[in-house]
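The values are calculated or read from the model by the stated rules, or taken from the named source; none is laboratory data. Here the structure is a predicted model, which means the values were calculated and not measured. With ideal geometry, Cβ positions are generated from the backbone for all residues, glycine too; neighbour counts draw on all protein chains shown.
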2 protein chains.
Amino acid sequence: MAFPNRNRKVVLARRPNGMPVEDDFRLVDDPVPEAGPGELLVRAHYLSADPFQRMRLDAGSGYGKTLDIGDVVKGRMVGEVVQSNHPKYETGDFVEGMLGWQTYAVSDGSIERAEYAPGITKVDADIAPVSAYLGILGFPGVTAYFALLEVCDPQPGETVVVTGAGGAVGSLAGQLAKIRGCRVIGIAGSDEKLDHVTGELGFDGGINYRSSPDLLADLRRLCPDRVNVHFDNVGGDIAHTILHHLARDARIVLVGNISQNNLPETPFRPDVTGLLMTARAMTKGFIVYDYEDRADEARKAIAGWLAEGKIRYRETIADGIDQAPAAFISMLQGGNIGKQLIRLDDI
Amino acid sequence: MAFPNRNRKVVLARRPNGMPVEDDFRLVDDPVPEAGPGELLVRAHYLSADPFQRMRLDAGSGYGKTLDIGDVVKGRMVGEVVQSNHPKYETGDFVEGMLGWQTYAVSDGSIERAEYAPGITKVDADIAPVSAYLGILGFPGVTAYFALLEVCDPQPGETVVVTGAGGAVGSLAGQLAKIRGCRVIGIAGSDEKLDHVTGELGFDGGINYRSSPDLLADLRRLCPDRVNVHFDNVGGDIAHTILHHLARDARIVLVGNISQNNLPETPFRPDVTGLLMTARAMTKGFIVYDYEDRADEARKAIAGWLAEGKIRYRETIADGIDQAPAAFISMLQGGNIGKQLIRLDDI
């Protein structure tokens with residue numbers, strides 16, 4: 001099918017109440033925009049579904065701008081330059097950026113400053129398929145790299161637990177810990193994900209938190225020397241349980257809180273100060289945009305390991321922009337293995 | 001009154017149920033022990049009442065050994081060597097150590113290894129009165145020094161909030177932050193304590209958490225640039241409230257949890273993961289015994305500032321070993337300003 005001569009956009013129809021549903025979004029059609037002076041027009045090949053997007057749908061969010069009703073959903077895109085009035089970009093170049101959930105986007109080509117400007121970065125399709133720039137070579141990769149290697153600094157022989165192990169960030173974080181010589185235990189919500197991370201990705205063990213009758217008992221069995229590092233993608237009860245099995249001087253990096261982001265109210269949990277003190281544990285909140293200036297450092301290292309075959313990645317792909325809301329909701333519910341993408345029709 | 005020729009000891013009579021009461025303790029008399037070969041006998045001048053002692057009274061505690069019923073209460077002592085068969089100690093030397101709440105103690109003179117051995121360190125009465133070695137030049141001083149300066153590393157111009165500001169550790173932590181050029185706000189449970197820390201000790205402001213109608217509003221008023229460092233002596237609701245006013249990259253050192261240590265059950269509080277992530281906050285559990293090998297580094301620095309008049313300290317003194325339980329309970333309830341000590345009768 002030829003790509004239609006219109007810009008299709010996913011906009012916010014209403015604010016979700018807890019877990020989003022498809023009717024919270026609406027597809028609208030506009031004419032394809034023109035690139036003005038100094039601008040370029042990008043045709044999307046892939047859109048990205050990421051946990052951070054959920055928070056932007058609420059009226060007040062802790063960081064970053066909130067969407068208004070009718071706004072194009074904030075989201076990352078990788079696409080091809082189809083028209084350029086910008087000296088640094090040519091037709092046929094591939095770029096990645098926070099260009100929104102739409103089939104076409106105009107950019108002024110500025111270097112991306114966090115998610116606030118429609119900036120872009122050029123991507124190299126010779127290193128990996130362009131979709132990888134939304135995953136392992138994109139912000140999920142940068143997240144795993146700095147949150148694990150720099151914040152937690154795992155040492156050979158230490159035990160690293162990765163929650164959300166089957167997702168884009170977690171599956172890479174676990175592999176980076178393996179490269180560091182750690183024992184790596186993944187926690188995920190399906191046996192299929194655990195088969196993937198222990199089979200293809202080399203994790204040392206896994207726990208299905210949905211079917212485990214006693215998560216703490218499973219942790220004790222799989223982590224006999226306790227937990228030195230928790231790469232926390234999910235927060236909530238799972239993260240809380242892990243606090244009961246920390247090794248001394250444990251490090252916990254708070255990367256995601258996906259188990260909590262769809263709750264209408266902040267839940268109550270037992271005070272953990274005593275547990276953190278006893279373990280002398282360190283926790284650190286992590287937001288990847290703080291590492292934007294150093295993203296290339298991470299991308300280069302990851303690309304190197306990718307080329308050496310030391311790391312692998314998987315993608316879960318939905319086809320067509322009309323499938324973006326469903327793919328997003330599925331990802332929030334843990335339906336993806338590896339990076340959740342939306343591939344546009346004519347690619 | 002001459003010192004009686006007997007060793008008076010405070011022993012655990014029964015485990016406290018929540019906040020201790022005097023009947024949880026019992027005073028017993030024994031003959032004064034003799035120093036055996038290689039040992040020395042110490043006569044106590046001061047006993048120390050410290051928050052950590054509360055945890056030892058429970059059947060299961062997170063770190064350190066628990067007392068059995070009838071055991072001498074674990075506690076620090078500063079005293080005078082009255083008999084020595086040890087080559088490194090002479091009669092008249094002053095020593096400090098975890099020698100228990102008793103009027104006499106025998107030690108083998110070993111270098112103190114955490115609180116597990118009855119080891120001792122010699123103290124220099126020329127630098128400060130010997131009681132200071134239970135406070136500003138003792139473990140409370142070492143705690144304030146490393147927890148503030150090394151874990152939190154406050155920078156000039158940053159805002160540091162110290163809870164438990166009127167106590168031995170907090171009052172020093174705030175002064176160290178002032179030496180670093182910070183804005184320092186103390187939180188304490190009485191106006192008298194706040195007058196002390198803002199008057200004598202130079203804190204920039206204070207909040208009485210017992211009388212404040214809205215702690216968060218007071219924090220906003222006194223910390224217009226939010227909180228860069230929380231030196232957390234108390235945990236609980238106060239610590240939780242401060243999480244709502246953190247600056248980006250805030251550091252929180254978990255030094256004490258005195259508000260929670262007497263609760264029969266772990267209380268529930270709203271999940272704080274989102275707050276910590278948004279602030280990119282770091283929290284770190286701190287236990288002073290980890291810094292034992294470096295205690296002299298802290299003592300020397302503190303003694304230097306003391307000599308220069310840059311730091312001051314206050315003591316709250318109870319007289320007589322029979323007053324030790326009451327002094328301890330008073331300290332747990334915030335009755336002390338500065339270091340809570342028990343002075344023995346004939347000093």
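The table that follows gives values for the structure above.
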read-out: Matching strands (runs of 3 or more DSSP E) fully within segment A:249-323 where at least 1 residues are assigned by TED's automatic domain parsing to the domain that holds A:Val162 and touching a Pro at 6+ places or on another chain (Cβ under 8 Å); value: A:268-270
read-out: Any pair with Cβ under 6 angstrom, 6 or more apart, that starts in segment A:203-224 at a residue that is within 23 Å of A:Gly157 (Cβ to Cβ) and ends at one that is acidic (Asp, Glu) and in a helix (DSSP H, G or I); value: A:Ile207/A:Asp218
read-out: Qualifying residues in segment B:55-98 (those that are among the β-branched types (Val, Ile, Thr) and surrounded by fewer than 17 Cβ atoms within 10 Å (Cβ to Cβ)) - the one nearest to B:Gly36 (Cα to Cα); value: B:Val82
read-out: Check on B:His244, within 9 Å of chain A (Cβ to nearest Cβ), surrounded by fewer than 23 Cβ atoms within 10 Å (Cβ to Cβ), in a helix (DSSP H, G or I) and at pLDDT 95 or above; value: no
read-out: Residues located in segment A:21-52, provided they are under 30 Å from A:Asn233 (Cβ atoms) and buried (at least 20 other Cβ atoms within 10 Å of the Cβ); value: A:Phe25, A:Val42, A:Ala44, A:His45, A:Tyr46, A:Leu47, A:Ser48, A:Ala49, A:Asp50, A:Pro51, A:Phe52
read-out: Segment A:34-59 residues that are of a type in the set (Lys, Arg), paired with ones that are at pLDDT 95 or above (beta carbon under 6 Å, 6 or more apart); value: A:Arg43/A:Gly79; A:Arg43/A:Glu80; A:Arg43/A:Val82; A:Arg43/A:Tyr104
read-out: Single condition A:Ile179 does not satisfy, out of (1) under 24 Å from A:Arg343 (Cα atoms); (2) surrounded by fewer than 24 Cβ atoms within 10 Å (Cβ to Cβ); (3) more than 18 Å from the chain's Cα centre (by Cα); value: (1)
read-out: Looking only at segment B:194-241, and only at residues there that are of a type in the set (Ser, Thr, Tyr) and in contact with a helix residue (DSSP H, G or I) (Cβ under 8 Å, 6 or more places away or on another chain), the one that is surrounded by the most Cβ atoms within 10 Å (Cβ to Cβ); value: B:Tyr209
read-out: Number of the exception - A:Thr273 against (1) β-branched (Val, Ile, Thr); (2) buried (at least 18 other Cβ atoms within 10 Å of the Cβ); (3) within 12 Å of another protein chain (Cβ to nearest Cβ); (4) within 27 Å of the chain's Cα centre (by Cα); value: (4)
read-out: Segment B:276-321, residues that are over 16 Å from the mean Cα position of the chain (by Cα), among the hydroxyl-bearing types (Ser, Thr, Tyr) and away from chain A (no Cβ under 14 Å); value: none
read-out: Close pairs (9 angstrom Cβ cut-off, 6 or more residues apart or separate chains): hydroxyl-bearing (Ser, Thr, Tyr) in segment A:175-198, not in a loop (DSSP other than H, G, I, E, B) anywhere; value: A:Ser190/A:Asn208; A:Thr198/A:Gly186; A:Thr198/A:Gly205; A:Thr198/A:Gly206
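Residue by residue, here is whether (1) in a loop (DSSP other than H, G, I, E, B); (2) hydrophobic (A, V, I, L, M, F, W, C); (3) out of contact with any strand residue (DSSP E or B) (no Cβ under 7 Å at 6 or more places or on another chain) holds:
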{"residue": "A:Ser131", "(1), (2), (3)": "no, no, no"}
{"residue": "A:Ile136", "(1), (2), (3)": "yes, yes, yes"}
{"residue": "A:Pro140", "(1), (2), (3)": "no, no, no"}
{"residue": "A:Leu149", "(1), (2), (3)": "no, yes, yes"}
{"residue": "A:Gln155", "(1), (2), (3)": "yes, no, yes"}
{"residue": "A:Gly174", "(1), (2), (3)": "no, no, no"}
{"residue": "A:Ala177", "(1), (2), (3)": "no, yes, no"}
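Condition check ((1) in contact with a Leu (Cβ under 9 Å, 6 or more places away or on another chain); (2) more than 29 Å from A:Phe268 (Cβ to Cβ)) across all residues:
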position	(1), (2)
A:Ala132	yes, yes
A:Leu137	yes, yes
A:Gly141	yes, yes
A:Phe146	no, yes
A:Val151	no, no
A:Gly164	no, no
A:Pro224	no, yes
A:Asp237	yes, no
